[in-house]
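Just below is one structure, and these are the notes that go with it.
The values are calculated or read from the model by the stated rules, or taken from the named source; none is laboratory data. None of these values were measured; they are calculated from a predicted model. Here the Cβ positions follow ideal geometry from the backbone for every residue, glycine too, while neighbour counts run over all protein chains shown.
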Amino acid sequence: MKRRTFCTLATAGSASLALGARPARAATTVSLWHIFGYSTEPGLINITRFNQTRTDVQIDGKSVPFGQLSQQLVKAVATGDVPDLITIDNPTVASFAGQGVLEEVGAKVAASKGLARSRFFPGSWATTIFQGKQFAVPGEVNTLMFYVNQDMLRAGGVDPAKPPQTWAELTAVAAKVADSAKGKYGIGVSAIQTEEGTFQWLPFLQQSGAGLKTLTSPDAVAALQLWVDWVQKGYASHDILVKRQSEMTDAWLAGNSAMSLSGPWELPRILRDVKFNWTVIPMPVRADKNIHATALGGYVWAIPKGAKNVDAAFQVIEYMLAPEQAARSFAGGRLPAVQDVQPPADLPRAEVYAGFESQLQYARPRGPSPEWPRISEALQRAIQEAITGQQPAQQALATAAATIAPLLQRYPIEGM
Amino acid sequence: MSRPGSAGDGVRRALAPLRPWLLTAGGVVIAAVYLFPVYWMVISSLKANPELFAATPTLYPHAPTLAAFRWIFARENVGLYLQNSAIISFSVTALTLVLATGAAYALARIRTFWTAAMVVAIMAVQVLPPPLLVTPMFVIFRQIGLVNTQFAVILATTTKVLPFAIIMLRTSFAQIPVELEEAARVDGCPRFVAFFHITLPLARTGYIVVSSLVFLLAYGEFVYPLSLMNHKDLQPGPVGLYSFIGADFADWPDALAFATVFVAPVIVLYMFLQRRIVSGLTAGALK
Amino acid sequence: MSRDRFLDSPTIWVLLIGAAALFLLLLVGYPIAYNLVMSVQEVTLGNLPSFSRPWVGLQNYRQLLADPLFLLVAKNTLIFTVANVAVQFVLGLGLALYFQLSFPASSFLRGLVLVGWMLPPLVIGAVWKWLLGSDSGFVNYALQGLGLISGKIYWLADPLLSLVAVTIANIWFGVPFNMILLAAGLAGIPTDIYEAAALDGAGPVRRFIWITLPLLRPTIYALLSLTTVYTMRAFDLIYTMTHGGPLDSSNIFPVWSYRMSFELFDFGGGAAIATAMFALVLVVALAYVRSVNAERPM
């Protein structure tokens, strides 16, 4: 049933998409490279609508798989054959902007009626600023919460009405429901050696009271040790070292993991496929610190330097963030980066979306720093060294700190 | 090492008529074991999501569903992807065979320092994977105005398979005794005619194998089409496959259903051509 | 008959080789030179579009050698390549010989094995990642069911095993390629030689060693070199299965080069790795040509 609603929406989009695929010649054509696939359907619909309503400007969209985005953009920059508009992952803005690859859009945004700063989530806005200048406009945002399989909690003797609120409680619940010999785990996080691993662990570091500058502190060690213990005690699978967040959600959907950390992008398929009672809970805090922190993900709109139709591209950004288009994000399991948009009334499990929205106040950007990829890589190594037992958490973090400190010196990051 | 008349020999003689069938049974087992991951792909496309990742894997879909197949046909112009794939791979195969035949033959027949150096170069240029080659290639294609065309993809993909084709065909030609051609030439037959009438037919096993492999290599290419073409309706199947691998998650039953549909025509094609391919691959084709 | 004279003249040889050589020189030679140039420059996203970038000489190479990952990745690449080439060859030869025996459906079954080679690497990687998953993977499930292991094997998550895991998957992927080319080589051996040898009283093992292997030698040389080159550029499968992790335990040169270029935006470093790979393969190619030239001319 659920699938059908999703389908109807989707088919409408693709039918008209075929018509809009090749824009007419007369108009200005904005070439747009985007990451919209079936998981982020609304983006495709917005493109189609734009092409239907506008005659002077048309969008020529190209879907680039997320994993290939960086490579394709590098190719575009190297050859000078850039699209007019792109969607990029928010922590990469500084890398691209710092190298002069992106058009500065600050003046345009300031002059725009629709893109008032007050409309946006502050954390999301911050990801678009590098050294005081604005290089992008937030598109959609996401953050992390634990998806909880309430049936599994109940079976483990935990009252689902009283979900864990602290690290200690989280671990205790995981201990009750996990049975690693049977492939059942309490906790699902991703510690993979990619940006996703950093994305998931960083909030724990921040909740611990530590930061990138204090990676060798006992607080930071505690944040890492928490994950190490989960794996070593069998509360989390060893496979978290090689699984993406979506793969952890696969395990959760199959009933193999009770509490899985992931974002709202999973909602459409969870609503379609889930076979048990479930809810989402905010990330627990560290009891003695009580610091709420979670991750801030999502893509931003950016105009590459050398784009031929900067003005038209900017009009597309404005269109995409107008309330009607922005509101469409929800149906794709996305949250618009603007705060003044209400989800559609017929949205299933609206309270879950509301939960994610409420967590955005605690969501912290990664960076911005042009050196973010290296910082992130050092963190990934530390996480993996500690979990595999190759290094004690303390030492693994010390190694990471040695790599990260000079990078922070070169490009200080506020609040990290 | 049983002596004549021993018990073992008797058993063997009794089993002799069964031997081919025992071997067939062995062959079936080998193929079955080998193809297990392919089987897994197909049954996974028939499973719904929770069953796909069940703690205890199911050996066959307990609740088979064609939902994934219906979904991909409703959502994507699967036929167009297959058509584009076919156009690209057949063109690559043809272009590769044309370019490779001359070079392979010449490199097999002439042995100088320079031809040896050519073989070294041809072997070595294969090493860099497409992601590292595509940016400078794009520059070239833009210079000659081929960006956004399937022709550019065909040329780019040909660079990936041509060295392989030259090396293998060269080996085939080298195995054909040059005396056969020379004998024909003594009879007044020009080299050109001798090549087409004597050498080429003798190298047919090599051609069958090389062209099949070239076709399959071209059929699966992903990086070149994605990087060199912007329009969706020009793209081949492997790019279409990525529509189901989203930014944040992969819809695996859909992706696997697509992959199944993607390889099915090739398997069907193989079934049709099988007789021909087999006759080329029969032991002792070269007499 | 001027056409025939032209076709018999040395010019034709130059043209025949020239067409393919020019094609490759233009479309692959230029990218390789482009990489080489980048490897001695300081390349950033900012100066990527122009060729006038700061010259750094061998700095990128020095950095590469000083990188703590270098030895690990080199070791991984070596193990991965040797294991793949050896096992793919042995299994490929075994299968080729088996399916060469005359029994019903032998050719059909041999062709069927090629199906594994048709699947997109993305799909192969995904399927193997599930099969080798430690919790709900079929391989562990089967091994447990057979009583061969009691606990779980962390195929992908254990840094000591992840290279084994991606090697298994890549061997699986490469065996059909080896098998079919060896089958073609076997088909090229005239049967009358075997018949003569059988009359002389040579058993199957001796016939294999004294007839099959020597006659197969050109194919074997070509195949071993090609498999080496293809294994050294293997990318998609590892990228899909482990991304080179955990802790770079399954990282090999092409994956490292890709990650350096497109994840860390260190293009000079990525290009230096690519150039080093090129140099390595040049050695393989030289070895190939030497062994081919050592054959007696036919």
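Table: residues versus (1) of a type in the set (Gly, Ala, Ser); (2) within 29 Å of residue C:127 (Cβ to Cβ); (3) at pLDDT 90 or above.
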position: C:212; (1), (2), (3): no, no, no
position: C:222; (1), (2), (3): yes, no, yes
position: C:228; (1), (2), (3): no, yes, yes
position: C:235; (1), (2), (3): no, yes, no
position: C:251; (1), (2), (3): no, yes, yes
position: C:255; (1), (2), (3): no, yes, yes
position: C:271; (1), (2), (3): yes, no, yes
position: C:282; (1), (2), (3): no, no, yes
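Taking first residues from segment A:172-186 that are at the interface with chain C (Cβ under 9 Å from one of its Cβ atoms) and partners that are of a type in the set (S, T, N, Q), the Cβ contacts under 7 Å between residues at least 6 apart in sequence or on separate chains come to A:183/A:256; A:183/C:136; A:184/A:256; A:185/A:237; A:185/A:256; A:185/A:257. Taking segment C:231-294 and the helices (runs of 4 or more DSSP H) fully enclosed by it, the elements with 2 or more residues that are closer than 25 Å to residue B:242 by Cα, in contact with a helix residue (DSSP H, G or I) (Cβ under 9 Å, 6 or more places away or on another chain) and facing chain A (nearest Cβ under 9 Å) are at C:236-241, C:253-262. Quick one: would you say residue A:112 is more than 14 Å from chain B (Cβ to nearest Cβ), farther than 16 Å from residue A:312 by Cα and modelled with pLDDT of 90 or more? Considered against the rule, which asks whether it is more than 14 Å from chain B (Cβ to nearest Cβ), farther than 16 Å from residue A:312 by Cα and modelled with pLDDT of 90 or more, residue A:112 comes out as no. Residues that are assigned to a strand (DSSP E or B) and either of a type in the set (D, E, K, R) or surrounded by fewer than 23 Cβ atoms within 10 Å (Cβ to Cβ) (or both) occur in segment A:284-291; there is at least one.
If you go through segment B:137-150 one residue at a time, do you hit one that is facing chain C (nearest Cβ under 7 Å) and not polar (S, T, N, Q)? Yes, the conditions are met somewhere in segment B:137-150. Only residues that are surrounded by fewer than 23 Cβ atoms within 10 Å (Cβ to Cβ) and under 18 Å from residue C:280 (Cβ atoms) were counted across segment C:232-255, and they come to 2. When the residues of segment A:94-139 are filtered to those that are part of a strand (DSSP E or B) and aliphatic (A, V, I, L, M), which remaining residue is farthest from the chain's Cα centre (by Cα)? That would be A:102. Tell me, yes or no, whether segment A:230-250 has at least one residue that is part of a helix (DSSP H, G or I), of a type in the set (D, E, K, R), at pLDDT 95 or above and over 20 Å from the mean Cα position of the chain (by Cα). The answer is no, given that none of the residues of segment A:230-250 is part of a helix (DSSP H, G or I), of a type in the set (D, E, K, R), at pLDDT 95 or above and over 20 Å from the mean Cα position of the chain (by Cα). Against the numbered list (1) away from chain B (no Cβ under 14 Å); (2) at pLDDT 95 or above; (3) in contact with a helix residue (DSSP H, G or I) (Cβ under 9 Å, 6 or more places away or on another chain); (4) surrounded by 19 or more Cβ atoms within 10 Å (Cβ to Cβ), residue A:312 comes up short only at (3). The set of residues from segment A:46-75 being at pLDDT 90 or above and part of a helix (DSSP H, G or I) comprises A:46, A:47, A:48, A:49, A:50, A:51, A:52, A:53. Selection of segment B:34-50 for residues being at pLDDT 85 or above and over 28 Å from the mean Cα position of the chain (by Cα) yields only B:47.
Between C:102, C:134, C:106, C:150, the distinction of being surrounded by 22 or more Cβ atoms within 10 Å (Cβ to Cβ) and among the polar types (S, T, N, Q) belongs to C:134 only.
Among residues of segment A:62-93 being over 22 Å from the mean Cα position of the chain (by Cα) and touching a residue at least 40 places away in the same chain (Cβ under 8 Å), the one that is surrounded by the fewest Cβ atoms within 10 Å (Cβ to Cβ) is A:80. Per this entry, residue A:307 is not counted among residues that are in contact (Cβ under 8 Å) with a residue 60 or more places away in the chain and in the same structural domain as residue A:262 (by TED's automatic domain parsing). Answer yes or no as to whether residue A:361 is part of a helix (DSSP H, G or I) and farther than 30 Å from residue A:408 by Cβ. When the stated conditions are applied, residue A:361 does not pass them. For segment C:14-46, residues that are surrounded by 17 or more Cβ atoms within 10 Å (Cβ to Cβ) and not in a helix (DSSP H, G or I) total 5. All of B:37, B:20 fail the test of being farther than 30 Å from residue A:185 by Cα and within 14 Å of chain C (Cβ to nearest Cβ), apart from B:20. Restricted to segment B:20-117, the set of helices (runs of 4 or more DSSP H) holding at least 3 residues that are among the aromatic types (Phe, Trp, Tyr) comprises B:36-45, B:67-75, B:78-109.
Hey, any hits in segment A:315-338 for a residue that's buried (at least 20 other Cβ atoms within 10 Å of the Cβ), over 16 Å from the mean Cα position of the chain (by Cα) and assigned to a loop (DSSP other than H, G, I, E, B)? Scanning segment A:315-338 turns up no residue that is buried (at least 20 other Cβ atoms within 10 Å of the Cβ), over 16 Å from the mean Cα position of the chain (by Cα) and assigned to a loop (DSSP other than H, G, I, E, B). In segment B:110-133, the residues that are over 29 Å from residue B:221 (Cβ atoms) form Cβ pairs under 7 Å with partners that are aliphatic (A, V, I, L, M) and surrounded by fewer than 24 Cβ atoms within 10 Å (Cβ to Cβ), at six or more places apart or across chains, as follows: B:116/C:289.
Test residue A:223 against the criterion of being more than 14 Å from chain B (Cβ to nearest Cβ), of a type in the set (Gly, Ala, Ser) and under 21 Å from residue A:388 (Cα atoms), and give yes or no. So residue A:223 passes the test. Filtering segment A:403-414 for residues that are outside any helix (DSSP H, G or I) and among the charged types (D, E, K, R) leaves a non-empty set. Considering only residues that are assigned to a loop (DSSP other than H, G, I, E, B), touching a residue at least 12 places away in the same chain (Cβ under 8 Å), surrounded by fewer than 22 Cβ atoms within 10 Å (Cβ to Cβ) and more than 26 Å from the chain's Cα centre (by Cα), which ones fall in segment A:140-171? Hits for segment A:140-171 are A:156, A:157, A:160. Here residue B:174 does not qualify as closer than 30 Å to residue A:59 by Cα and in contact (Cβ under 8 Å) with a residue 24 or more places away in the chain.
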